[in-house]
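What follows is a set of notes on a single structure, which appears directly below.
The values are calculated or read from the model by the stated rules, or taken from the named source; none is laboratory data. Just so we're clear, the structure is a prediction, and the values are computed from it rather than from any experiment. Cβ: placed from backbone, ideal geometry, glycine included. Neighbour counts: every protein chain shown. Heads up: the accessible areas ignore ligands, DNA and RNA and are worked out on the full protein's heavy atoms, side chains in. Shrake-Rupley method; radii C 1.70, N 1.55, O 1.52, S 1.80 Å.
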Amino acid sequence: MPEKSLLQLIAEGDENAYRSFFYEWQGRLFHYIRTIIKSPQVAEEVVMDVLTKCWVGRELLPRIDNLEGFMFRIAYHRAIDFLRAASRDPKLVDLLMEQIETADAAAADNLVISKEYDEKLREAIGLLSPQRKKVYLLSREKGLSHKEIASELGLSKNTVSNHITESQRFIQQYLTEHLNLVLVFIFFYK
């Protein structure tokens, strides 16, 4: 289902559409927030907070042009808010420091996994058609909205949206076929 259609259904209160949105974003946000806050338990709570806020403010969702940028920006700010609040609580600081030390022990393994993932992601992006690749990179690496990409490349906003949707579908399929299934689970479904 196209992103805008899904957001419109959520704005109208469609719980099945929200459930689909929730499961699509839960793992991605968790992985991202966990890189900021080393605690899996806290990262999980921050993800729940972000996704709950999306449901509470659902009527605004259809107005978002760059959903991925929006979601990661909110997640980042919620994680930073948590860290600021935690810095004022000595017990919480101690607990987080323990978890950071544990996370550092696993960092070497994660680095290898992350490098393999990045390599396969670059391979997948390289296999996109030149136009799809350009659209995808403007969206993901430069953070441009669909409207900005459409304007820059002289395309319609719907064409840009279709290119991004199809690129994501192809990349996820490529990664599923070329990465160890455990890695796919870690990056997409955890």
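At a glance:
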| quantity | calculated |
| --- | --- |
| In the stretch 1-31, residue surrounded by the most Cβ atoms within 10 Å (Cβ to Cβ) [restricted to those that are among the aromatic types (F, W, Y) and at pLDDT 90 or above] | F21 |
| Test result for G69, assigned to a loop (DSSP other than H, G, I, E, B) and of a type outside the set (S, T, N, Q) | no |
| Every residue from the stretch 1-50 that is farther than 13 Å from F72 by Cβ and of a type in the set (A, V, I, L, M) | M1, L6, L7, L9, I10, A11, A17, I37, V42, A43, M48 |
| Filter result for the condition that a residue is at pLDDT 75 or above, in contact with a Leu (Cβ under 8 Å, 6 or more places away or on another chain) and open to solvent by 40 Å² or more (accessible area, probe 1.4 Å), over I74, I36 | I36 |
| Test result for L127, modelled with pLDDT of 75 or more and either buried (at least 17 other Cβ atoms within 10 Å of the Cβ) or in contact with a Lys or Arg (Cβ under 6 Å, 6 or more places away or on another chain) (or both) | no |
| Residue check for I171: modelled with pLDDT of 90 or more, open to solvent by less than 80 Å² (accessible area, probe 1.4 Å), assigned to a helix (DSSP H, G or I) and farther than 20 Å from I33 by Cα | no |
| All positions within the stretch 22-33 that are in contact (Cβ under 8 Å) with a residue 40 or more places away in the chain and either of a type in the set (D, E, K, R) or touching a Pro at 6+ places or on another chain (Cβ under 6 Å) (or both) | R28 |
| Positions within the stretch 34-49 being under 28 Å from K142 (Cβ atoms) and either in contact (Cβ under 8 Å) with a residue 60 or more places away in the chain or within 14 Å of the chain's Cα centre (by Cα) (or both), in sequence order | R34, T35, I36, A43, V46, V47 |
| Criterion violated by T52 - all others in (1) in a helix (DSSP H, G or I); (2) under 23 Å from S139 (Cβ atoms); (3) open to solvent by 30 Å² or more (accessible area, probe 1.4 Å) satisfied | (2) |
